[in-house]
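I have placed the structure first, in the form of structure tokens, so that the comments after it can refer back to it.
The values are calculated or read from the model by the stated rules, or taken from the named source; none is laboratory data. Quantities reported herein were computed from a predicted structural model and do not represent experimental measurements. Here Cβ is always computed from backbone atoms with ideal geometry, including for glycine, and neighbour counts include all displayed protein chains. When the accessible area is computed, the model is the full protein with side chains, heavy atoms only, and any ligands, DNA or RNA have been set aside. Shrake-Rupley method; radii C 1.70, N 1.55, O 1.52, S 1.80 Å.
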Amino acid sequence: MTISLIGVGHMGGAILKALINRNLAAPQDVLIADAAPGRAEQLQAELGVRVAAPAEMTAASDVIILAVRPGDLAGVLSTLPRDAVQKPLFLSIAAGRRLAWLEGLLPGARFIRVMPNLGVSVGLGMCGYARGALATDADVALTQTILTSFGKALPLPEEKLDAVTALSGSGPAFIAFALRSMMEGGMALGFTAEEASTLALQTFAGTAAVLTRPGAPDASAFIASVATKGGTTAAGMAVLDGSDVAAVYAKTLQAAATRSAELSAL
């Protein structure tokens, strides 16, 4: 299978390395292009992939991953030869660019729209994806194989992708905010910054591992199991339960989802 990536910046580069590290594609079967001077050549030297112009990729590829800025996507698609666009499957990770818009720019092409997050760089990504009008069941199966090579993937109707953007796409920043708050609280208790960081990060990693293992309790049951009556956790949970933290997080996600919808309308 030949996979091409148009755009190998932060997210595209992470996907590229994940595909190779997990042996989904041999380096010599991967074509890349990037607008940043020297970026593609740097990755070619590092990984052994091949550099090619986007116009050359269409006839040569089984899958083309579109990982350019949303504002640059129309220009990139305009360079692709129209007589070959039916061959590859296009996976677009350009935020806010809806399937109807993509299909209008490249008639006859098969698209699947994907919303990944930065967890792909460590094999723990979360991707929501929606199939386009011409995408086949085989295309969906291939997409699932590609995306699960660096994490989990969830097929969804396109109207839910703005919510995916808020919860898992932007979510790492919101989780990091909570972690930072715990680190700062730890420092207020007398820990050094390094000590507080180690304690908070390992606590988060361990909690995530427990909650994601097979047969794990849901978050509410987990809290109840830890917060024994009259104990230290219960004392802390009483403060959280009496605050508006949950409402603030709900508003945070709504703001991110609303902005995603606004960008889609541009």
Given the -39500 (n - 2.57) contribution per DSSP H run of 4+ residues, what per-residue ellipticity at 222 nm results for the chain, rounded to the nearest 500 deg cm²/dmol? -16000 deg cm²/dmol
Two pseudo-spin positions, 7 Å from Cα along C-beta at Q28 and at K87, lie apart in nanometres by 1.9
Roll a 1.4 angstrom probe over the protein heavy atoms and tell me the percent of accessible area of the chain that is carbon or sulfur. 62
Over the stretch 222-261, with the other protein chains present, what is the accessible area per residue in square angstrom, probe 1.4 angstrom? 70
Determine which lysines satisfy two conditions relative to K160: a Cα distance under 19 Å, and not lying fewer than 8 residues away in the same chain. K152, K251
Which residues' amide hydrogens lie under 5 Å from the amide hydrogen of D34, considering only partners 5 or more residues apart or on another chain, with H built in the peptide plane? G7, A40
Along the stretch 88-102, Karplus-curve 3J(HN,Hα) (6.51, -1.76, 1.60; θ = phi - 60°) to the nearest Hz, with x for Gly and Pro, reads x, 8, 9, 10, 9, 10, 6, 4, x, 8, 6, 4, 4, 5, 4
Treating only the Cβ atoms of Lys and Arg (+1) and Asp and Glu (-1) as charged, compute the dipole magnitude of the stretch 147-266 about its Cα centre; round to the nearest 20 debye. 220
Under a point-charge model restricted to the Cβ atoms of Lys and Arg (+1) and Asp and Glu (-1), what is the dipole moment magnitude of the stretch 79-215 relative to its Cα centre, in debye to the nearest 20? 340
Note to self: C-alpha centroids of the stretch 108-169 and the stretch 216-248 sit apart, in Å, by 33
Let me check against my output: what whole-number percent is the relative contact order of the stretch 41-101, with C-alpha pairs under 8 Å and at least 6 apart? 38
Residue by residue through the stretch 164-169, what is 3J(HN,Hα) from phi via Karplus (6.51 cos²θ - 1.76 cosθ + 1.60, θ = phi - 60°)? Round to whole Hz and write x for glycine and proline. 4, 4, 5, 7, 9, x
For A153, the residues 5 or more places away or on another chain with a placed amide H closer than 5 Å to its own amide H are C127
Quick calc, the chain, dipole around Cα centre from Cβ unit charges on Lys, Arg (+) and Asp, Glu (-), nearest 20 debye, gives 220
Students often check this: by mean Cβ neighbours within 10 Å, which of 202-211, 59-68 ranks highest, and how do the rest follow? 59-68, 202-211
Accessible area per residue, Å², the stretch 1-91 with all protein chains present, probe 1.4 Å: 43
Which order, highest average first, do 97-105, 228-236 follow once you tally other Cβ atoms within 10 Å for each residue and take the mean per peptide? 97-105, 228-236
Rg from C-alpha atoms of the stretch 140-266, normalised by the globular rule of thumb 2.2 N^0.38 Å, equals 1.29
For the stretch 62-155, give me the percentage of DSSP beta bridges that are antiparallel, rounded to the nearest 5 percent. 25
Counting pairs of alpha carbon atoms under 8 Å apart in space and at least six apart in sequence, what relative contact order in percent does the chain give? 14
